[in-house]
Each structure stands twice: as C-alpha cells, then as structure tokens.
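Just so it is clear, none of the values below were taken in a lab; they were calculated from the coordinates. The structure presented is a predicted model; accordingly, all values stated were derived computationally and were not measured. Positions of Cβ are backbone-derived with ideal geometry, glycine not excepted, and every protein chain shown enters the neighbour counts.
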Amino acid sequence: MSMPRLLRIKIVLIGDGGVGKTSIARRYLGHEFRHEYIKTIGADFYIKRTRYKDPRFGNLLVEWNIWDLAGQPTFDQVRPLYYKGAKAALVVFDVTNVNSFYNVPKWITEFWKNVGGVYPFVLVGNKIDLRDKVPNALPPEVGYKYAELASQKIGITVPYIETSAATGENIDKAFEFLIKAILEFISIKLAKKA
C-alpha cells in the first residue's frame, strides 16, 4: 500500500458574526458544543489531519489549516490579513437569520478579493436544529438555488450543505464536500494547463 500524499490546505470559515463558524470548527475537531456565544476576536486557528481517497489523486492525507474569521464589522480592517494563503472557504449563514444569507455575496467577494482570484467554497446553512422554532426561517431550497446559480456563474461546482453544530449533523460532510470541491478545482486547473 502506497503512502498517502500530503495535501496541506489553508481554508477560511467566513460569514456574519453569530452564524456558528466557531461551533462548526470546534465540532469538526471533536470538541463539545458550547451553548453560550463567545465572539471570535480577529481569528482562531486550528489544524486537523484527515484521510481521503480520490479516484484522480489516490490516497491523500489532508492537513486542514482552518482559520475561523471574526464576522463582526469591527474586524473588517484586520480580516484581510487572515486570508493570506487561503485556497478555499466554508461560507456560513444561519438558516434562522435571513440577513446572514443576504450577506453571503459580500463574504464571497471579500474572500476572492483578498486571496487574489476565484477559489472554491462550500455554502453552509447552519443551525438547522432551530429551523422549526423560528418563524420565517429559510427553507433548504434557498441555499440550493444560490449554490446552483453560483456554480453556473463561476464554472466550478459550489456545493450546498445544511448543518447543525449543536447536534453535529453534516459537519464532517461539509469538509468532505470542501475537499471534493478543492480537488475538482485542481483538476480543472491541471486540464487547462495540459
């Protein structure tokens, strides 16, 4: 059996303050969910290694360098520093907060502007465990439609996934979707060079 190839990748978790970015990161790292809200100051940084098997690239050892960026407007001036070297993103909104969804284009634009081009991302609708408890919560179709339109516009697949950091639902799958999107992006780049 061959040694897995190491793929070191810096990603950013972006979206409005309070949408659950830190809870998603903590849950992915195997930590307990915290019910109290603790605001991220600037950015938090995590590393996790996972194995992934891909038909094009074989066995991979993915080293995620996860940067959880503060979403509050007070951090608008410092956030660009934390994007440096990022190659992908989880763009997170809260399905119970319509404004956080309306701000998704702003986050994608900020990401691409600060990394110097179009890079892959996964659109994440978080807090689905609260959807039934909140009037006017966004239905899944809204996220799927946005991801479909974004995919058509940029020419690479933008996956959409719904998660709950509180229950852990689909947290690992969000990162699986992200590695698939990254590998598709790399394949397209390699095909254009050939």
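Taking 7 Å along the Cα-to-C-beta vector as the label spot, tell me the PHE45-ILE186 distance in nanometres, rounded to one decimal.
Calculated label separation equals 2.2 nm.
What's the FRET efficiency of THR74 with SER151 using the Cβ-Cβ distance as r and R₀ = 30 Å, to the nearest 0.05?
On the way: r = 33 Å, r/R0 = 1.09.
The value I calculate is 0.40.
For region 59-163, what is the number of Lys pairs with C-alpha distance below 29 angstrom, counting only pairs 8 or more positions apart or on separate chains?
Lysine pairs meeting the criterion: 20.
What's the ranking of 76-86, 115-125 by average number of surrounding C-beta atoms within 10 Å, highest first?
Working: 76-86: 14.5, 115-125: 21.4.
My ranking of the peptides, most packed first, is 115-125, 76-86.
Between ARG5 and TYR144, 0.36 nm times their residue separation minus their Cα-Cα distance comes to what? The partial results should precede the final answer.
Details: separation 139, 0.36 × 139 = 50.04 nm, distance 3.24 nm.
Between ARG5 and TYR144, full extension yields 46.8 nm more.
Could you calculate the FRET efficiency of THR167 with GLU63 from 1/(1 + (r/R0)^6), where r is the beta carbon distance between them and R0 is 25 Å, rounded to 0.05? Working shown, then result.
Numbers: r = 27 Å, r/R0 = 1.07.
For THR167 and GLU63, the calculated efficiency is 0.40.
If R₀ is 22 angstrom, what is the calculated FRET efficiency for the pair ARG131 and THR109, using the beta carbon separation as r and rounding to 0.05?
0.25
Taking Cα extents along the principal axes in Å straight from the coordinates, which label in (1) 50, 36, 34; (2) 53, 39, 37; (3) 58, 30, 27 is the correct one?
(1)
Alpha carbons only, please: Rg and Dmax for region 97-188, in angstrom.
When restricted to the Cα atoms of region 97-188, Rg and Dmax are 13.7, 42 Å.
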